[in-house]
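The values are calculated or read from the model by the stated rules, or taken from the named source; none is laboratory data. What you see is a predicted model; the values in this text were computed from it and never measured. When we count neighbours, we look across all protein chains shown, and the Cβ atoms used for this are built from the backbone with ideal geometry, even at glycine.
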Amino acid sequence: MLKTPLNDTHKRLGARLVEFGGWEMPVMYRGINDEHVYTRTAASIFDVSHMGRLKFTGDDAEKFLDKVCTRNIAKVAVGKSAYSHVCNEQGCILDDVIVSRFKDHLYMVCNAGNREKIVAHLKKHIEGMKVKMEDLTTGTVMFAIQGPAVLPLFKEQSDKLPIKVPEIPRYGCFGGSYMGMGYTVFRSGYTGEDGFEFVLPAMAGVLVWDFFTKDGGPDRATIKPAGLGARDTLRLEAGMPLYGHELSEHVNSLAAGCKWCVDLNKDYVGSAALRKFDSDGLRFKMTGLALEGRRIARQGSKILSEGREVGEVTSGTLSPTLGKSIAMGYVETALSNSEAKLAVDVSGTPIPATVVGLPFYRRQ
C-alpha cells in the first residue's frame, strides 16, 4: 500500500487511516460531521496526494490530449483548467480528470485508483506522437484547502507567500519556483466551496502543511485537517460525481449528466459512440433524490416507481448542511424530471423520494 508524504503527520494528528485507491489515507480526524461543517463555515485542508499527477510536454502534447479527452483541450487557455472525461471506444468513462495548461506544458490530475489504468491507456495512444509523459505522483505532495475563510486568509497572508494566490481566477492555475522549489497552484476543489490545491516536492509537504495549519488564535480562522469521509459528503451535497459510484466503465458521459464537458464536434477515443448515444437518446440519466425522513440510501439501493424498479442509487448520505437524506442515482430518463415522485428501497422498506436538481447545496 502506498503512503503519501504526509502519512506520519496524519498519525501524529490522530487520524483514522484506511486503504483508498491503493493508498493509506485519513478518513477522518475529529469526526466526519465536524470536519464537514468546519469546511462549510471556515477552512479545511485535505491531503489529496493520492491523486495522479501527469505532465505532458512536446510538440504534440495538445494534439495527444485532444485525442484522448472529451473536452476540447485546444480551447483551454494558458493559466486555465478544464474538467474532462477519458473514455473507451464505447464512450464509457475510464476516468474523470482535470487538464490544465501552462506556458510550456499540459498537466492532468486523475483519480488515485485509476492512475495505472489511465497511464496504460495513454501510453497505448501516445505511440508515434511527439509527446513526453511524466508521472509526478510519488515525487510530489498535493493538498486542497477549501472553505469560505480560505480567500480572506490568503489575502491576509499574501506578504508571506511567493505568489498572490487570491489573484488566481476560478478554475485557474499557476506554476513557478521559490527558493529552488517548484510549485503548482490550482483554484478549484471538490467540496462546493472556493479554495486552492497545491502541488509541491514531496520533501516540502510537512513543512508547508504545518505552516498552513498553524493556530490562528483569536485573530483569524485556523485551517484544520479533514479526511476523505468529509470530502465525500461535501462533494455529494455539491452534486459532484465520484468515480466508482456515479462514474464507471459501464456509464457513458452523457448519461452521467456531463454533456457540458463533451465536445461532440471533434474526434477522439469514444467520440463516435457518444454521438450515437446523443442521437439515439438515453435510457437512464443521473439525477438527485431527496428522501423523506433520515434513513440513508446506500449505493446499490433500488429506485422504485409504483413498485417497479426504475433505477439504482449510486451515492447517499444524511446531509450535514441541509439536515435531510439525499442521494444521487440513475433512473429511467422519462422519470428523471424534477419533482417526479419515486421511492428508494432502504433495507426492504420503500422510502418516498422526490427527484431534485443538482447540486443539492450551492455556496452563497
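Filtering segment 249-265 to residues that are surrounded by fewer than 16 Cβ atoms within 10 Å (Cβ to Cβ) and in a loop (DSSP other than H, G, I, E, B) leaves Glu249, His250, Leu264, Asn265. In segment 206-239, the qualifying residues are those that are β-branched (Val, Ile, Thr), more than 13 Å from Ser44 (Cα to Cα) and surrounded by fewer than 19 Cβ atoms within 10 Å (Cβ to Cβ), and the one that is modelled with the lowest pLDDT is Val208.
Matching residues to (1) assigned by TED's automatic domain parsing to the domain that holds Pro169; (2) under 20 Å from Thr184 (Cβ atoms); (3) without any contact (Cβ under 8 Å) to a residue 24 or more places away in the chain:
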residue: Leu17; (1), (2), (3): yes, no, yes
residue: Leu54; (1), (2), (3): yes, yes, no
residue: Asp59; (1), (2), (3): yes, no, no
residue: His85; (1), (2), (3): yes, no, no
residue: Asn88; (1), (2), (3): yes, no, no
residue: Gly113; (1), (2), (3): yes, no, no
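One residue stands out in segment 96-133 among those that are acidic (Asp, Glu) and touching a Ser or Thr at 6+ places or on another chain (Cβ under 8 Å): the one that is farthest from Ala204 (Cα to Cα), namely Asp96.
Scan segment 100-137 for residues that are assigned to a strand (DSSP E or B), aliphatic (A, V, I, L, M) and more than 24 Å from Met25 (Cβ to Cβ) and report the count. Quick ask: steps written out before the conclusion?
Residues of segment 100-137 that are assigned to a strand (DSSP E or B), as a first pass: 100-101, 106-110, 132-135.
Those still in the list that are aliphatic (A, V, I, L, M) too: 106, 108-109, 133.
Next, from what is left, pick out any that are more than 24 Å from Met25 (Cβ to Cβ): 106, 133.
Summing the residues that are assigned to a strand (DSSP E or B), aliphatic (A, V, I, L, M) and more than 24 Å from Met25 (Cβ to Cβ) in segment 100-137 gives 2.
For segment 202-213, the condition holds for at least one residue, the condition being that it is under 20 Å from Met108 (Cβ atoms) and either assigned by TED's automatic domain parsing to the domain that holds Glu167 or in a strand (DSSP E or B) (or both). Here segment 39-56 is the region considered, the condition is being out of contact with any helix residue (DSSP H, G or I) (no Cβ under 8 Å at 6 or more places or on another chain) and not in a loop (DSSP other than H, G, I, E, B), and the residue that is surrounded by the fewest Cβ atoms within 10 Å (Cβ to Cβ) is Thr41.
If you scan segment 325-341, which residues turn out to be out of contact with any Pro (no Cβ under 8 Å at 6 or more places or on another chain) and not in a loop (DSSP other than H, G, I, E, B)?
To start, the set of residues in segment 325-341 that are out of contact with any Pro (no Cβ under 8 Å at 6 or more places or on another chain) comprises 325-327, 329-340.
Matches in segment 325-341: Ser325, Ile326, Ala327, Gly329, Tyr330, Val331, Glu332, Thr333, Ala334, Leu335.
For segment 23-59, the tally of residues that are farther than 24 Å from Asp194 by Cβ and out of contact with any strand residue (DSSP E or B) (no Cβ under 6 Å at 6 or more places or on another chain) stands at 1. Every condition in (1) buried (at least 22 other Cβ atoms within 10 Å of the Cβ); (2) assigned to a loop (DSSP other than H, G, I, E, B) holds for Glu197 except the one numbered (2).
Scan segment 63-112 residue by residue and report those that are small (Gly, Ala, Ser) and crowded, with 18+ Cβ neighbours inside 10 Å. Reasoning before the result, please.
Taking segment 63-112 first, the residues small (Gly, Ala, Ser) are 74, 77, 79, 81-82, 84, 91, 100, 112.
Once the filter is applied, which keeps residues that are small (Gly, Ala, Ser) and crowded, with 18+ Cβ neighbours inside 10 Å, segment 63-112 yields Ser81, Ala82, Ser84, Gly91, Ser100, Ala112.
Among residues of segment 140-161 that are touching a residue at least 60 places away in the same chain (Cβ under 8 Å), those with a beta-carbon under 6 Å from a residue that is part of a helix (DSSP H, G or I) at least six positions away or on a different chain give the pairs Thr140/Ala202; Val141/Ala202; Val141/Gly205; Gln146/Thr39; Gly147/Thr39. Within segment 140-178, restricting attention to residues that are in a loop (DSSP other than H, G, I, E, B) and β-branched (Val, Ile, Thr), the residue that is surrounded by the fewest Cβ atoms within 10 Å (Cβ to Cβ) is Ile163.
Please pick out the residue among Leu322, Leu304, Leu358 that is part of a strand (DSSP E or B) and touching a strand residue (DSSP E or B) at 6+ places or on another chain (Cβ under 9 Å). First the steps, then the outcome.
Numbers: Leu322 fails: part of a strand (DSSP E or B); Leu358 fails: part of a strand (DSSP E or B).
Of Leu322, Leu304, Leu358, the one residue that is part of a strand (DSSP E or B) and touching a strand residue (DSSP E or B) at 6+ places or on another chain (Cβ under 9 Å) is Leu304.
Checked against (1) small (Gly, Ala, Ser); (2) in the same structural domain as Tyr38 (by TED's automatic domain parsing); (3) under 25 Å from Arg235 (Cβ atoms); (4) surrounded by fewer than 16 Cβ atoms within 10 Å (Cβ to Cβ), Ala272 passes all but a single condition, namely (3).
With respect to Val131, determine if the residue is more than 25 Å from the chain's Cα centre (by Cα), under 22 Å from Val97 (Cα atoms) and crowded, with 20+ Cβ neighbours inside 10 Å. Before you say what the answer is, go through the steps one by one.
Details: more than 25 Å from the chain's Cα centre (by Cα): yes; under 22 Å from Val97 (Cα atoms): yes; crowded, with 20+ Cβ neighbours inside 10 Å: yes.
Judged against the criteria, Val131 is a match.
Per the conditions (1) exposed (fewer than 15 other Cβ atoms within 10 Å of the Cβ); (2) over 19 Å from Leu94 (Cβ atoms); (3) not charged (D, E, K, R), the sole criterion not satisfied by Ser305 is (1).
Going by what's in this entry, would Lys130 be described as at pLDDT below 95 and assigned by TED's automatic domain parsing to the domain that holds Phe20?
Working: at pLDDT below 95: no; assigned by TED's automatic domain parsing to the domain that holds Phe20: yes.
It is false that Lys130 is at pLDDT below 95 and assigned by TED's automatic domain parsing to the domain that holds Phe20.
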